Amino acid sequence: MFVDAFYVEQSGGLASYGPDVYASGKQAARLVDKILKGAKPAEIPVETNAKIALVINLKTAKALGLTIAPEVLFQADRLVR
(Lines give C-alpha, C1' and ligand atoms only; values in the text may rest on other atoms or scores of the structure.)
Protein backbone atom coordinates (compact mmCIF):
# COMPACT_ATOMS: atom_id res chain seq x y z
CA MET A 1 0.00 0.00 0.00
CA PHE A 2 1.44 3.34 -1.06
CA VAL A 3 0.44 6.98 -0.76
CA ASP A 4 1.49 7.86 -4.34
CA ALA A 5 0.09 6.27 -7.49
CA PHE A 6 3.56 6.30 -9.09
CA TYR A 7 4.58 3.22 -7.10
CA VAL A 8 1.50 1.33 -8.23
CA GLU A 9 1.69 2.34 -11.89
CA GLN A 10 5.47 2.10 -12.38
CA SER A 11 6.82 -0.19 -9.66
CA GLY A 12 4.13 -2.84 -9.37
CA GLY A 13 2.71 -1.89 -5.98
CA LEU A 14 -0.70 -3.32 -5.15
CA ALA A 15 -2.58 -0.12 -4.31
CA SER A 16 -2.24 3.52 -3.39
CA TYR A 17 -4.55 5.87 -1.56
CA GLY A 18 -3.54 9.46 -1.06
CA PRO A 19 -3.55 13.00 -2.38
CA ASP A 20 -3.48 13.39 -6.15
CA VAL A 21 0.10 14.54 -6.85
CA TYR A 22 -0.88 16.42 -10.03
CA ALA A 23 -3.54 18.40 -8.15
CA SER A 24 -1.01 19.16 -5.38
CA GLY A 25 1.43 20.51 -7.97
CA LYS A 26 -1.20 22.78 -9.50
CA GLN A 27 -2.11 24.03 -6.05
CA ALA A 28 1.53 24.76 -5.17
CA ALA A 29 2.06 26.63 -8.46
CA ARG A 30 -1.00 28.77 -7.80
CA LEU A 31 0.26 29.67 -4.32
CA VAL A 32 3.76 30.48 -5.62
CA ASP A 33 2.16 32.70 -8.26
CA LYS A 34 0.34 34.65 -5.52
CA ILE A 35 3.60 35.14 -3.60
CA LEU A 36 5.48 36.26 -6.72
CA LYS A 37 2.74 38.80 -7.35
CA GLY A 38 3.31 40.32 -3.91
CA ALA A 39 1.07 38.42 -1.50
CA LYS A 40 2.58 37.89 1.93
CA PRO A 41 2.88 34.16 2.68
CA ALA A 42 1.61 34.67 6.24
CA GLU A 43 -1.60 36.16 4.85
CA ILE A 44 -2.38 33.33 2.41
CA PRO A 45 -4.94 30.93 3.89
CA VAL A 46 -3.82 27.35 4.52
CA GLU A 47 -5.16 24.94 1.90
CA THR A 48 -5.34 21.18 1.68
CA ASN A 49 -5.62 19.01 -1.36
CA ALA A 50 -9.07 17.47 -1.17
CA LYS A 51 -8.57 15.26 -4.25
CA ILE A 52 -7.73 11.79 -2.94
CA ALA A 53 -7.04 9.01 -5.45
CA LEU A 54 -7.39 5.24 -5.07
CA VAL A 55 -5.32 3.28 -7.61
CA ILE A 56 -5.31 -0.52 -7.78
CA ASN A 57 -2.89 -2.69 -9.73
CA LEU A 58 -4.84 -5.69 -11.00
CA LYS A 59 -1.71 -7.40 -12.35
CA THR A 60 -0.13 -7.38 -8.89
CA ALA A 61 -3.36 -8.54 -7.25
CA LYS A 62 -3.51 -11.47 -9.66
CA ALA A 63 0.16 -12.35 -9.05
CA LEU A 64 -0.53 -12.39 -5.29
CA GLY A 65 -3.66 -14.51 -5.75
CA LEU A 66 -5.92 -11.75 -4.43
CA THR A 67 -9.46 -11.03 -5.55
CA ILE A 68 -10.48 -7.40 -5.19
CA ALA A 69 -14.16 -6.94 -4.35
CA PRO A 70 -16.23 -5.33 -7.12
CA GLU A 71 -17.33 -2.60 -4.68
CA VAL A 72 -13.69 -1.59 -4.18
CA LEU A 73 -12.92 -1.71 -7.91
CA PHE A 74 -15.93 0.51 -8.58
CA GLN A 75 -14.62 3.13 -6.14
CA ALA A 76 -11.09 3.16 -7.61
CA ASP A 77 -10.03 6.24 -9.57
CA ARG A 78 -7.67 4.18 -11.74
CA LEU A 79 -7.05 0.50 -12.39
CA VAL A 80 -3.70 -0.72 -13.70
CA ARG A 81 -4.30 -3.69 -15.98
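The values are calculated or read from the model by the stated rules, or taken from the named source; none is laboratory data. Being a predicted model, the structure only gives us computed values, none of them experimental. Quick reminder, even Gly has a Cβ in these numbers, built from the backbone with ideal geometry, and neighbours come from all protein chains shown. Note: areas computed on protein heavy atoms with side chains; ligands, DNA, RNA excluded. Shrake-Rupley method; radii C 1.70, N 1.55, O 1.52, S 1.80 Å.
Taking only protein heavy atoms and a 1.4 Å probe, the accessible area of the chain is 62% carbon and sulfur. Highest GNM mean-square fluctuation among P45, P19, P70, for the chain modelled with Cα contacts below 10 Å: P45. For segment 7-59, the mean projected area of the C-alpha convex hull, equal to one quarter of the hull surface, is 4.3 nm².
Stretch A69-F2 to full length: gain in nm at 0.36 nm per residue minus the Cα-Cα span? The A69-F2 span can extend by a further 22.2 nm.
Measuring with a 1.4 angstrom probe and ignoring ligands and nucleic acids, F6 comes out at about 110 Å² accessible. The HN-Hα couplings worked out from phi for segment 29-45 by the Karplus form 6.51 cos²θ - 1.76 cosθ + 1.60 (θ = phi - 60°) are 4, 5, 5, 4, 4, 4, 5, 5, 8, x, 5, 7, x, 5, 9, 7, x Hz, whole numbers, x standing for Gly and Pro.
For the chain, the antiparallel share of DSSP beta bridges with both residues in that region comes to about 55%.
Under the combined filter of DSSP loop state and at most 15 neighbouring Cβ atoms within 10 Å, segment 1-78 retains these GluC sites (Glu not before Pro): E47.
Taking amide hydrogens as placed 1.01 Å from N in the peptide plane, the amide H of L54 sits under 5 Å from those of D77, R78, each at least 5 positions away in sequence or on another chain.
Per-residue Karplus couplings for segment 9-18, computed as 6.51 cos²θ - 1.76 cosθ + 1.60 with θ equal to phi - 60°, are listed in order as 6, 9, 10, x, x, 6, 7, 9, 8, x Hz, Gly and Pro entered as x. Among I35, I68, the order of accessible area from largest down is I35, I68, computed with a 1.4 Å probe on protein heavy atoms.
Heavy-atom accessible surface of the chain, averaged per residue, reaches 74 Å², computed with a 1.4 Å probe. Between K34 and E47, the distance separating the two model label sites (each 7 Å from Cα on the Cα→Cβ line) works out to 0.6 nm. S11 sits with roughly 80 Å² accessible to a 1.4 Å probe, with DNA, RNA and ligands left out of the calculation.
Taking all protein chains together, Y22, Y7 sort by accessible area into Y22, Y7, largest first [probe 1.4 Å].
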